[in-house]
Amino acid sequence: MTTITPFAAGSYLTNRTASQLTTLKSQLNDLSTQLSSGLTAQTYGGLGSGRSTALSAQATLSALTGYAAGITAAQTRTNVAVTSLTQVATLGIDARNTLNNGLQSTPVNATAAKANALNNLQAALDTLNQSVAGNYLFGGENSTTQPVLDADTILNGNGTQIGLTKFVSDQVTADLGAKGNGRLDQTMPSVTQIQLLDDPSSRATVAPQGYALAKAVTAPTTSTAISATYTAGSTTTSAAVAITVTGQPSVGDSLTLTLQLPDNTQTTVTLTAAASGTTPASSNTNFAIGADPTETAKNLNAALTSALSASAGSTLTANSTARAASTFFSAPNPTTTAANTVVWYQGENGTTDPLSTQSVQVSAGSSVQIGVRANQPAISNVLAGLATVALGMPNSSDPNAAALYSAISSQAQPLLSSADTSPSASSTGALPSVQDTVTQLSLASTRLSNAATTNKATQNTLQNTLDGIEQAPTEEVVTKLLDVQNRLQASYQVTASLSKLSLVNYIS
């Protein structure tokens, strides 16, 4: 009789037993691998239905790791920027306080204020070149180029381009004019008449220079001994003031001349009639009534000459210094070019909000802005204020020291106030002060910390989920491994016993 082997008596049981042994052996190998590797499977395919969740979790964890690295670097950058700008603000505030405290003792404090401001200016410029891991903090989008030239080049130029010191000096010289009186031309057409002419450049639409005669002289109201007429000027013709002494003024009669500075602010020069025989016969505050109108006019002319020189040497000089310093540190700078003057700021100079020039991604849908430019208006103002004091303060031997100290202080303090007070802008309203920018960066640092905390919590949750899918618990694997080993051993023993079984053994 022919027998089909797979269907022979006992074949099914034999095949099933072999299959079961193979399955148990496979389970034993899998569990041994899990025990040694700690992983449920060596491939995502082996995770079964959990593979999609595992793949998604791995992708998110990888992104969170990248966010964490970016946040850490950004926090370091932001914290250093906060420290640096706080220092700039402190330098400005200290200089402002020094000016206020020095008003009581000008000769002593002028030199101290000058030296202190110069040191503070150099310190501020150095601070604005801070970098972290080779990346500069105050260059806007450009973090690879040193944003601010070194202090020596800024102050003294580079050999082919002038620096701040020469730039300010040139502006002061141009405003004072050859006679040191604000570019005014003072003459006596007759023995009883004084004539003043201004320079048409004082009303130039771009970069005006010197004093402009703003309006007629205010003559004494108690007598008609002195009269004044005013003729308006233009950008091509001089304005004129004619002062005529027709009689003898009374003691105490005053004469006030209004002058316009290049920034369109105004100042006045007032001369008061003093008793005959006053010594000196003329000064920058009074003029002596002479023996006759001719002598009175002569004294008045000398007093006016002295007064204009004193005003130009203090009010106009301070205004020129502050104006030049502000122009130098402004950017873009329409009146200074790389051809003749060093450009102190070398960083990116776009029109976007400085904060937006640097940002760090903290999550899939969120970023934190941490950019700063060294030429932001408030920072530029503080630098200009320090420069005004450093370059404009008089020497202690200057006979006009008190007036110049006061004038420099008046010009510098509004600039230095940008350290903690928002400067105004004609078209955009108030701009952030240096301290405001510090606050913005501090808030950005807080956002970075909060994002890091949130990301860490998310990362822990995802990691736990992923571990539940990918990790093989040691205790559970050991228990299963022992169970499979016992079953496999029992199966081998039974199989071995059956393999020895014969009809004779079975019957017996």
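The values are calculated or read from the model by the stated rules, or taken from the named source; none is laboratory data. For clarity, every value in this text was computed on a predicted model and none was experimentally measured. Positions of Cβ are backbone-derived with ideal geometry, glycine not excepted, and every protein chain shown enters the neighbour counts. Accessible surface is based on the protein model in full, side chains and every heavy atom, while ligands, DNA and RNA are left aside. Shrake-Rupley method; radii C 1.70, N 1.55, O 1.52, S 1.80 Å.
Ranked highest first by the average count of other Cβ atoms within 10 Å around their residues, in what order do 271-281, 381-391 fall? Could the numbers behind the result be given before it?
Values: 271-281: 16.6, 381-391: 28.9.
Highest to lowest by the protection proxy: 381-391, 271-281.
Under 8 Å for C-alpha pairs, at least 6 residues apart: give me the relative contact order for the range 128-280, rounded to a whole percent. Display every interim value, and only then the final one.
Numbers: 283 pairs, mean separation 22.8, N = 153.
Once normalised by length, the contact order is 15 percent.
Calculate, axis by axis, the spread of Cα positions in the range 241-306 along the three principal axes, and write the results as whole Å, longest axis first.
Computed over the Cα atoms, the extents are 41, 23, 18 Å.
Could you compute Rg(Cα) / (2.2 N^0.38 Å) for the range 199-288, with N its residue count? Write down the numbers at each step before the final one.
Working: Rg = 15.0 Å, N = 90, 2.2 N^0.38 = 12.2 Å.
Against the empirical 2.2 N^0.38 Å value, I get 1.23 for the range 199-288.
Tell me, in nm to one decimal, what length is gained between Q186 and T268 on full extension, where the rule is 0.36 nm per residue of separation less the Cα-Cα distance? Don't jump to the answer; show the numbers that get you there.
Values: separation 82, 0.36 × 82 = 29.52 nm, distance 1.65 nm.
That works out to 27.9 nm of additional length.
Can you tell me the alpha carbon radius of gyration of the range 317-404 divided by the globular rule-of-thumb value 2.2 N^0.38 Å?
Working: Rg = 18.4 Å, N = 88, 2.2 N^0.38 = 12.1 Å.
Dividing the Cα Rg of the range 317-404 by 2.2 N^0.38 Å gives 1.52.
What is the range 247-320's relative contact order, in percent, from Cα pairs under 8 angstrom and six or more apart in sequence?
Across the range 247-320, relative contact order equals 26 percent.
Working from the pairwise distances between different alpha carbons, so that the mean of 1/r is found and then inverted, what is the range 121-240's Kirkwood radius in Å?
Details: mean 1/r = 0.0538 Å⁻¹.
The Cα-based Kirkwood calculation yields 18.6 Å.
So what is the relative contact order for the range 73-206, in percent, with contacts set as C-alpha pairs under 8 Å and at least six apart? Kindly include the intermediate steps, with their values, before the conclusion.
Numbers: 106 pairs, mean separation 17.7, N = 134.
Over the range 73-206, the number comes to 13 percent.
With all protein chains present, how much of the accessible area of the range 266-410 (probe radius 1.4 Å) comes from carbon and sulfur, to the nearest whole percent? Show your work: numbers first, answer last.
Details: 2650 of 5220 Å².
Whole-percent figure for carbon plus sulfur exposure: 51.
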